[in-house]
Amino acid sequence: MKLFYFLLFISSFLSGQTQLIYFPKDQHSYLGGRTNFYKDFQKVLLEKKLKPCENKNEFLSADVVVLENDTAVLYDHEKLHKPENKCARELTKEVVKNMPGWVSAKINGNNKAAVAHYYIYPDAFFDNFKNDYNADDIIVNPTYEGGIDAFRKEVMKRADPQDFYVKGKGKVTVIVLFVLNEQGEMEELKLENSSGLKEYDEMILRTIKKIKNKWKPATLHGVPIKFLFRMPLSFSTNTI
């Protein structure tokens, strides 16, 4: 039955009838939270007698579709189909669909299919597993040469907000969101909140895109991973 729900969801998504949404930040996609997710992941993995990957450094940045009926499947999109993570992908696909604690997202009081994100490093679930394991807690954050303040200064140096008139007290704070990929490059750049002036927002995004210095990517168990970065920036502007 879960396969039917997944195929129906994917069919609707591809036809444009269903919008793929991410899990609300204030909701758990798994009973007991992320630590319990990893605990149950290891339990199912052992129950199914799955084998460790030959490559101990295999890693999967897994998007899991939690369906309206509290079951889940790996969202097996093209980006996961890389030779270097085939074992991790197949292992995760098998485990996720057999885990008992999935909880669907609640949107306006209704169960909705939504995507939850988990980092899967298979080698952590065999001889080295710890009961309080949570991949999120051991991620080494990305770094920028000179520190985050150096990045902010680079943005400020390149931006010229004085040609814009924005309602307010002369100081505008925007929150920039971007993904740092495994090579330390910025992707999917956008603003979480708007200044209220489209041209001003575009100027900020355009300025950040011009910064070509690479970051040192985030790592998990020493393996570079994608990382969602959230950073507030404040500018002084002319006001009206």
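The values are calculated or read from the model by the stated rules, or taken from the named source; none is laboratory data. Because the structure is predicted, anything quoted here is derived from the model rather than measured. Note that we place each Cβ from the backbone using ideal geometry, even for glycine, and neighbour counts take in every protein chain shown.
The residues listed here are Thr219, Thr207; of these, the one that is surrounded by 16 or more Cβ atoms within 10 Å (Cβ to Cβ) and farther than 30 Å from Pro122 by Cβ is Thr207.
In this structure, does Ala105 turn out to be more than 22 Å from Ile225 (Cβ to Cβ), touching a helix residue (DSSP H, G or I) at 6+ places or on another chain (Cβ under 6 Å) and not hydroxyl-bearing (Ser, Thr, Tyr)? No. Filtering region 26-83 to residues that are under 21 Å from Ile138 (Cα atoms), in contact with a Phe, Trp or Tyr (Cβ under 7 Å, 6 or more places away or on another chain) and among the acidic types (Asp, Glu) leaves only Asp63.
Scanning region 120-157 for residues that are aliphatic (A, V, I, L, M), touching a residue at least 24 places away in the same chain (Cβ under 8 Å) and more than 21 Å from Cys53 (Cβ to Cβ) yields a count of 4. Residues in region 101-116 that are in a loop (DSSP other than H, G, I, E, B), modelled with pLDDT of 95 or more and among the aliphatic types (A, V, I, L, M): Val103 alone. Within region 129-148, can one find any residue that is in a strand (DSSP E or B) and touching a helix residue (DSSP H, G or I) at 6+ places or on another chain (Cβ under 7 Å)? Checking region 129-148: not a single residue is in a strand (DSSP E or B) and touching a helix residue (DSSP H, G or I) at 6+ places or on another chain (Cβ under 7 Å). Which residues, counting only those in region 149-202, are over 11 Å from Leu233 (Cβ atoms), in a strand (DSSP E or B), at pLDDT 75 or above and aliphatic (A, V, I, L, M)? The answer is Leu177, Val179, Leu180, Met186, Leu189. Here region 1-25 is the region considered, the condition is being more than 30 Å from Ile138 (Cα to Cα) and at pLDDT 50 or above, and the residue that is surrounded by the most Cβ atoms within 10 Å (Cβ to Cβ) is Thr18. Scanning region 183-227 for residues being within 16 Å of Ile148 (Cβ to Cβ) and of a type in the set (Phe, Trp, Tyr) gives a total of 2.
The single condition from (1) assigned to a strand (DSSP E or B); (2) surrounded by fewer than 21 Cβ atoms within 10 Å (Cβ to Cβ) that Val64 fails is (2).
Quick one: which of Cys53, Cys87 is in a helix (DSSP H, G or I) and either of a type in the set (Val, Ile, Thr) or farther than 26 Å from Leu31 by Cα (or both)?
Cys87
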